[in-house]
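Each reported figure results from applying straightforward, stated rules to the coordinates on display, with no laboratory input. No experiment lies behind these values; they were computed from the predicted model shown. Here the Cβ is made from the backbone with ideal geometry for all residues, glycine too, and neighbour counts use every protein chain on show.
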Amino acid sequence: MANAQANIGVIGMAVMGSNLARNLASREGNTVAIYNRSPEKTRAVVAEFPEAGFVASESIEEFAASLSKPRTAIIMVKAGAGTDAVINQLTEVFEPGDIIVDGGNALFTDTIRREKAVRETGINFVGAGISGGEEGALKGPSIMPGGSAEAWETLGPILKSIAAVAEGEPCVTHVGTDGAGHFVKMIHNGIEYADMQLIAEAYDLIRRGTGKSPAEIADIFTEWNKGELESYLIEITAEVLRQVDATTGQPLVDVIVDQAGAKGTGAWTVQTALDLGIPVSGIAEAVFARSLSSKPDQRQAAAHLPGPSTQWTVDDADAFVEDVRQALYASKIIAYSQGFDEIVAGAEQYNWDIKKGDIAKIWRGGCIIRAQFLNRITEAYDQDPGLVALVTAPYFTDAVSRTQDAWRRVVVAAAQAGIPSPAFASSLSYYDGLRADRLPAALIQGQRDFFGAHTYRRVDAEGTFHTLWSGDRSEIEAADTH
Ligand code: NAP
């Protein structure tokens, strides 16, 4: 049996786990224990990175024995059954007070279930969202841990030591209890879907509207990255657009099959939003746009359907590009506003005390949606922690006031040109719905009352009413039972 010489352990030696273990090992004061179901992977990692000084084990018992108390282990294995299998093994060999961290992409409701079950053994269970992909795991991710305050006391300093740093602050905070961390990570991914879709729509509109080449559009994105749109996703978009395929000499983007994949976290965000009753239309459109792209049979069958009968042209390419930039910024604000609405609703539903400003802060570095404008979100929630909609904060109100005319022009242009822009268009509709004085929801209530006696409320009286539609159409007061 190994001596209890490691202060932290990592289970799962695929790309994320091995990189995270190397990141931990590179920080002052850490000795890292490692374990993987297939021992040959563990041996390969030890051989490849001798400088890490890993304490390697080939059984879970040996792994537990190699950790000092309270034992702390981060699981980085395939989400789902893999995670459950490792948790079951760990609860056999860990003791009360020890800490199991799941750093995989777990569904937050699974984390709630697991935390409850593990807590009964006296062992702490922390579901921690980790963003930033392989490079983030190695160099510094954004980390969103849930779990108990007790676990955070031990875990906090370790996670702070490996997290990305943004403006001097580590990109990690104790998000809330049980599944709060994985919930917030899920929303992060949902916003990522919306952001990527908006950027893709901006590219498509500029390319088809102005005839600019991918390399020229890459230059535009590089320029945009110096202003209010400054972000990792804008930066890498320029890199992708500039890439030339070695085989054909074509822009790489033209030889990639136009069917977007997904691993499911965007869909989780939308499914959860539906359950919570929160309109995350930008994220939903982004998820659906990927689904539509991945239906080659339908797309082929529909390829002959007519587009606009009149030719659409852009008169002033520079002005159009600037309009698209502004539409992108406005739509992005809506996507984040909707994402934070879902965080607020989730926190209320599951009793999490989530500090919205702190979440925006820990997304400033390490993660895929890192962006300059997250500072503005932190400021907005610092100024008004009870902000009812992010887009109504003064900074964002100014931003949409400034950009909304361009936004409308772009959505009109896209419709006239027959260029799909689901995220731009739905974000604008959401914005107009939010600010509307009266919505046609009144008519929907009338329809519901007509066919289902679902009742309605009046603008000029308290109570609930029903019209006797199949009788004399007089109105009666009704109990609100529907
Ligand atoms: P992965 O391909 O998701 O999983 C492979 C690892 O899981 C291997 O170590 C494998 O062990 C282990 N595993 C699978 N089933 C197991 C079981 N039943 N019992 C024990 N171990 C099992 O690895 P990854 O890409 O490094 O991701 C790890 C986690 O991080 C996942 O939850 C993923 O969603 C999350 N994540 C990934 C990224 C990314 O960019 N890749 C970003 C953020 C989060 P064997 O070697 O024995 O097969």
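General observations
- Nearest-20 debye value, the range 53-112 charge dipole, Cβ charges on Lys, Arg, Asp, Glu: 180
- Principal-axis tilt of helix 149-162 within the chain, Cα atoms, nearest 10 degrees: 90
- Ordering of 400-409, 264-273 by packing [mean C-beta count within 10 Å, highest first]: 264-273, 400-409
- The three principal axes of the Cα atoms in the range 221-262 give end-to-end lengths of 35, 26, 10 Å, sorted in falling order.
- GluC sites (Glu not before Pro) lying in DSSP loop within the range 80-188, provided at most 12 other Cβ fall within 10 Å: Glu120, Glu167
- Within the range 430-482, the ratio Rg/Rh, alpha carbon atoms throughout and Rh by Kirkwood, equals 1.04.
- Pairs from the table (Lys160/Lys263; Lys69/Lys361; Lys185/Lys212) lying more than 30 angstrom apart at Cα are Lys69/Lys361; Lys185/Lys212.
- Computed from point charges on the beta carbon alone (+1 for Lys and Arg, -1 for Asp and Glu), the dipole magnitude for the range 299-348 about its Cα centre is near 300 Debye.
- Volume of the Cα convex hull of the range 8-174, divided per residue and given in Å³: 100
- Label-point gap, in nm, between Gln5 and Leu305 - each point 7 angstrom along Cα→Cβ: 6.6
- Computed over Cα pairs, the Kirkwood radius of the chain leads via Stokes-Einstein (1.002 mPa s, 20 °C) to a diffusion coefficient of 86 µm² per second.
- Debye intensity ratio in log₁₀ form over the Cα atoms of the range 322-370, taken at each q of 0.19, 0.26, 0.28 Å⁻¹: -0.74, -1.01, -1.06
- Among 420-428, 333-341, 242-250, the peptide with the highest mean count of other Cβ atoms within 10 Å heads the list, and the full ranking is 333-341, 420-428, 242-250.
- Placing unit charges on the Cβ atoms of the charged side chains and taking the dipole of the chain about its Cα centre, the candidate lying farthest along the positive direction among Gly339, Ala319, Thr31 is Thr31.
- Between the helical axis of 265-276 and the longest alpha-carbon principal axis of the chain there is an angle of about 60 degrees.
- Taking the C-alpha atoms of the range 257-346, convex hull volume expressed per residue in Å³: 145
- Peptides 183-191, 360-368 ranked from most to least packed give 183-191, 360-368, packing being the mean of other C-beta atoms within 10 angstrom over each peptide's residues.
- For the chain, with +1 on Lys and Arg beta carbons and -1 on Asp and Glu, the positive-most of Gln259, Leu439, Ile220 along the dipole: Gln259
- Normalised per residue, the volume of the convex hull around the Cα set of the range 225-300 (Å³): 140
- Shape analysis of the range 127-266 based on the Cα gyration tensor places the equivalent ellipsoid semi-axes at 36, 16, 14 Å, largest first.
- Placing +1 on the Cβ of every Lys and Arg and -1 on the Cβ of every Asp and Glu, with no other charges, gives the range 282-419 a dipole of roughly 380 debye about its Cα centre.
- Between helix 81-93 and the chain there is an angle of about 40 degrees, using the helix long axis and the longest principal axis of the Cα atoms.
- Ranking Ala289, Val45, Ala406 by how far each Cα lies toward the positive end of the dipole of the chain (charges on Cβ) leaves Val45 at the top.
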